[in-house]
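Let me begin by presenting the structure, written as structure tokens, before commenting on it.
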Amino acid sequence: MSGRTVYDKLWDSHLVKQNADGSALIYIDRHILHEVTSPQAFEGLRMAGRKPWRLDTNVATPDHNISTDPSERAAGVEGIPDHTSRIQVQTLDDNCEHFGIKEFKMNEMGQGIVHVMGPELGATMPGFTVVCGDSHTATHGALACLAHGIGTSEVEHVLASQCLVTQKMKNMRVAVDGTLGVGVTPKDIALAIIGEIGTAGGNGHAIEFAGSVFRDMSIEGRMTVCNMAIEAGARVGLVAVDKKTIDYCRGRQFVPEGEMFEKAAEYWRTLVSDEDAVFDAEVRLNAQDIAPQVTWGTSPEMVVPVTSVIPKAEDQTDLGKQKGIQRALEYMGLEGGAPITSVDVDRVFIGSCTNSRIEDMRAAAAVVKGHKVASSVKQALVVPGSQMVKVQAEAEGLDKVFIEAGLDWREPGCSMCLAMNADKLGAGEHCASTSNRNFEGRQGSGGRTHLMSPAMAAAAAIAGHIVDVREFAGDRL
């Protein structure tokens, strides 16, 4: 019998029942709730006369609909400008109070984007199964968790039973080895992987990210890559436990202390794939081949190195790909064959569950320090992923660096990642974005999104167009 992968071990340790039709029931250790997918679930509990099975496994926070404008946030829930958004946030508060679920409310310490606050509070720990009504729950896999998004009906099911009906996935290993060049970040690695395998490349798989690059990477960087696993078609992305994982968890709010921590860490160290583990698919990339990446189209797989040009539809022999490229070019208002660095940006967004951690804030601040946002840029937002990130960034003086350069320093939330709050793109506007999706209308109706790293977005804010950060700020990287 062959060895087991990390995913196999996580699955086996949480399997409650395996059915003959391939479906299975697994136990859920941590359920994270927010205001968008929870209202219907809580209402379902009420209608059925049920209560959550285990209160202590649930934690909640608002993130998608809240305002990030400091003046609006100062007014609390009533300061949220959109009526529907205001109702959703208030409903989360009311539901958590009614059912007795721990919530980190809008302006409380601990509040933040679900995939930022969960790990930093220690609500996410190695070996856990973690679910949330949000597709980017794969982020938590950076701590060797089996973590993925669920739908609204599943949110209710997990609340009521602490279990989830699902199916086991196949195993894929994506290994990146070698030494990364200057200015190449975890976001660039994630985009390069998606560019290599496509947005359907990981369909039906749990991806384990392996190789020297991930061993050397920080836990925050691993979160960025696991966050983007969903954009590669996978539902799960994860990294095996190592010393960095254990050190990251130590001392966090929800994590046990003393002897209990040492016992937990002893188990966590087993969460590595066995040497003879068999993967259903394997992908290998060389770190030296990866340059800073930028998306040009309307899918994360429509990505090129910053040194390259925008693809031409006519260069494709496949008719379907030709049509796809042509449609994307038309929506984006771009011309095939032009350098990607020729694209002017109207707005810049540094934030989201992909790139709003302290590491990201530092990288962006290093690039803009001593510069000013280009006059052609209408708005440049910097949105920390949580109250804890905000406090730490301000303690380091990063907020002052951003403000002096002309960027807006905001309150924690999802912000311009998606058009679900007041931060939106206008039709036809190009945005240098550190988010995870560049779909049509994702950041606002008719908005045009270019995904890139925080350092690249910061450089674009100063230059007024997409620019190679290595040339723009090489001495700061």
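The values are calculated or read from the model by the stated rules, or taken from the named source; none is laboratory data. In this text, all values refer to a predicted model and were calculated from it rather than measured experimentally. Virtual Cβ from ideal backbone geometry, glycine too; neighbours counted across all protein chains shown. We work out accessible area using only protein heavy atoms, side chains counted, and drop any ligands, DNA or RNA first. Shrake-Rupley method; radii C 1.70, N 1.55, O 1.52, S 1.80 Å.
Using a probe of 1.4 angstrom and keeping all protein chains present, the accessible surface of the stretch 193-306 works out to 42 square angstrom per residue. A simple rule links phi to the HN-Hα coupling: the Karplus curve 6.51 cos²θ - 1.76 cosθ + 1.60 with θ = phi - 60°, which for the stretch 314-323 gives 5, 7, 8, 8, 7, 4, x, 5, 4, 5 Hz, with x for Gly and Pro. Evaluate E = 1/(1 + (r/R0)^6) for THR317 and THR152, where r is the Cβ-Cβ distance and R0 equals 45 Å; express this FRET efficiency to the nearest 0.05. With a Förster radius of 45 Å, E is 0.60.
Compactness check for the stretch 22-73: Cα Rg over 2.2 N^0.38 Å is 1.51. If you look at the Cα atoms of the stretch 166-259, you get an Rg and a Dmax of 14.4, 45 Å. The orientation-averaged shadow of the Cα convex hull for the stretch 344-477, equal to a quarter of the hull surface, comes to 6.8 nm². Label-to-label distance for ARG362 and GLN167 is 4.3 nm, based on points extended 7 Å past Cα in the beta-carbon direction.
Please work out, to two decimal places, the log10 of the ratio I(q)/I(0) at q = 0.11, 0.14 Å⁻¹ from a Debye calculation in which every Cα of the stretch 62-204 carries one identical scatterer. Calculated log10 I(q)/I(0) at the listed q: -0.58, -0.88. Note on the chain: Rg/Rh from Cα positions, Kirkwood definition for Rh, rounded to two decimals, is 0.95.
Each Lys and Arg adds +1 at its Cβ and each Asp and Glu adds -1 at its Cβ; summed about the Cα centre, the stretch 249-343 shows a dipole of about 460 debye. Checking the Cα-Cα distances for LYS105/LYS244; LYS243/LYS400; LYS9/LYS244; LYS263/LYS390; LYS187/LYS244; LYS51/LYS390 against a 25 Å cut-off, the pairs over it are LYS105/LYS244; LYS243/LYS400; LYS263/LYS390; LYS51/LYS390. Roughly speaking, what % of Cα-Cα pairs in the stretch 129-207 are separated by over 22 Å, rounded to a whole number? Value for the stretch 129-207: 36 percent of Cα pairs lie more than 22 Å apart. Residues in the stretch 333-348 carry Karplus couplings, in order, of x, 10, 10, x, x, 7, x, 4, 6, 7, 7, 6, 10, 8, 9, 10 Hz; the curve used is 6.51 cos²θ - 1.76 cosθ + 1.60 with θ = phi - 60°, and Gly or Pro positions show x.
Values of log10 I(q)/I(0) for the stretch 352-393 across q = 0.15 Å⁻¹ run -0.41, by the Debye formula with one identical scatterer at each alpha carbon and no solvent.
Between LYS263 and ASP93, the distance separating the two model label sites (each 7 Å from Cα on the Cα→Cβ line) works out to 4.0 nm.
With r defined as the distance between the Cβ atoms of ASP344 and ASN203 and R0 fixed at 35 Å, what FRET efficiency is calculated, to the nearest 0.05? With R0 = 35 Å, the Cβ-Cβ based efficiency is 0.50. Sparse packing (at most 16 other Cβ atoms within 10 Å of the Cβ) combined with a DSSP loop state is found for the following chymotrypsin sites (Phe, Trp or Tyr not before Pro) in the stretch 241-288: PHE254.
Length, then width, then depth: along the principal axes, the Cα atoms of the stretch 67-117 run 29, 23, 17 Å.
When Rg and Dmax are taken over the Cα atoms of the stretch 182-327, they come to 18.5, 64 Å. Taking all Cα-Cα distances within the stretch 22-138, those exceeding 25 Å account for 23%. Panel values: the stretch 256-312, Kirkwood radius from alpha carbon pairs, Stokes-Einstein at 10 °C and 1.306 mPa s, translational diffusion coefficient 99 µm²/s.
In straight-distance terms, cross-link reach from LYS378 covers every one of the aspartates and glutamates whose alpha-carbon lies under 12 Å from its own, apart from those fewer than eight places away in the same chain; here that gives ASP344, ASP346, ASP408, GLU429. When every Cα-Cα distance of the stretch 382-449 is counted in 5 angstrom steps from zero, the calculated P(r) takes the values 4, 18, 23, 20, 17, 12, 6, 1 percent. Using every alpha carbon pair in the stretch 246-370, what percent of pairs falls into each 10 Å bin from 0 up to the bin containing the largest distance? Per 10 Å bin, starting at 0, the Cα pair percentages come out as 9, 22, 25, 22, 15, 6, 0. For the stretch 388-405, putting each phi into the Karplus relation 6.51 cos²θ - 1.76 cosθ + 1.60 with θ = phi - 60° gives couplings of 5, 5, 4, 4, 5, 4, 5, 5, 8, x, 5, 4, 5, 4, 5, 5, 5, 7 Hz, in residue order, rounded to whole numbers and with x for Gly and Pro. Here, the stretch 131-176 has an Rg and a Dmax of 12.2, 41 Å when only alpha carbons are counted.
Computed over Cα pairs, the Kirkwood radius of the stretch 337-417 leads via Stokes-Einstein (1.306 mPa s, 10 °C) to a diffusion coefficient of 122 µm² per second. Taking 0.36 nm per residue of separation and subtracting the Cα-Cα distance, full extension of the segment from SER13 to ASP216 would add 70.3 nm.
Summed over qualifying helices (DSSP H, 4 residues or more, each -39500 (n - 2.57)) and divided by its residue number, the chain shows a 222 nm mean residue ellipticity of -9500 deg cm²/dmol.
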